[in-house]
Amino acid sequence: MHDFLCPKCREHLRVGENIIFKVKNSKKQSALLLLSPHIGNYTSHKHRTFELQTGESLEYYCPLCNTSLISDIHKNLAHVILLDDSGQSHNVYFSQVVGEHSTFETDGESVHIAGEDAGRYTYFKIGDKFRKYF
Ligand SMILES: [Zn+2]
């Protein structure tokens, strides 16, 4: 079973079948948002009072150290670390835009792309920027 870590504090973000994030919407309301740990599965859970609009850009934060998870490769992409079964780290980038399905997972050598909207960001896959985390 793979785990997800905050890139800053390296604490665990996965609990059971959820990755737990703190998010802020465009109205600056904060909430917890639970995402699936399975790449390509875009099921999410939130409290019913927290409003999300399709196309709205959220801000993702680590719920433990409160650091913004915005990546430095694109303002729409958040960054977390995936720890695989063998203990190897992978960088995972996913869209912070509500309803946009694009995820990139890389071990520094190859990039695995998921989501039907990933084409919007594919130019990153050939850059060297994925490598700089290693
Ligand atoms: Zn953290």
Does segment 8-99 come out rounded, prolate or oblate, given a ≥ b ≥ c as the square roots of the eigenvalues of its C-alpha gyration tensor, rounded meaning a/c under 1.5 and, failing that, prolate meaning a/b above b/c?
prolate
Report, to the nearest whole %, how much of the accessible area of the chain belongs to carbon and sulfur atoms, 1.4 Å probe, protein only.
50 percent
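Using the structure shown, list the pairs from K8/K28; K8/K46; K24/K75 with a Cα-Cα distance above 20 Å, or answer none. Spell out each step's value before the answer.
Working: K8/K28 23 Å; K8/K46 24 Å; K24/K75 14 Å.
Result: K8/K28; K8/K46 exceed 20 Å.
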Given the Cα-Cα distance of E109 and H12 and 0.36 nm per residue of separation, how much length would full extension add, in nm?
32.5 nm
Could you do me a favour and compute the accessible area per residue for the chain, 1.4 Å probe, result in Å²?
54 Å²
Orphan Cys of the chain, criterion: no other Cys C-beta under 4.7 Å:
none
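So what's the net charge close to S26: Lys and Arg +1, Asp and Glu -1, counting the other residues with Cβ under 14 Å from its Cβ?
Values: positive: K24, K27, K28, K75; negative: E51, E56, E59.
So the environment of S26 carries a net charge of +1.
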Whose amide H sits under 5 Å from the amide H of E100, counting only residues 5 or more places off or on another chain, with H placed in the peptide plane?
G55
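The values are calculated or read from the model by the stated rules, or taken from the named source; none is laboratory data. Predicted model only: the values in this text are computed from it and were never measured. A quick note on method: Cβ atoms are made from the backbone with ideal geometry, for glycine too, and the neighbour counts reach across all protein chains shown. Heavy atoms of the whole protein, side chains included, go into the accessibility calculation; ligands, DNA and RNA do not. Shrake-Rupley method; radii C 1.70, N 1.55, O 1.52, S 1.80 Å.
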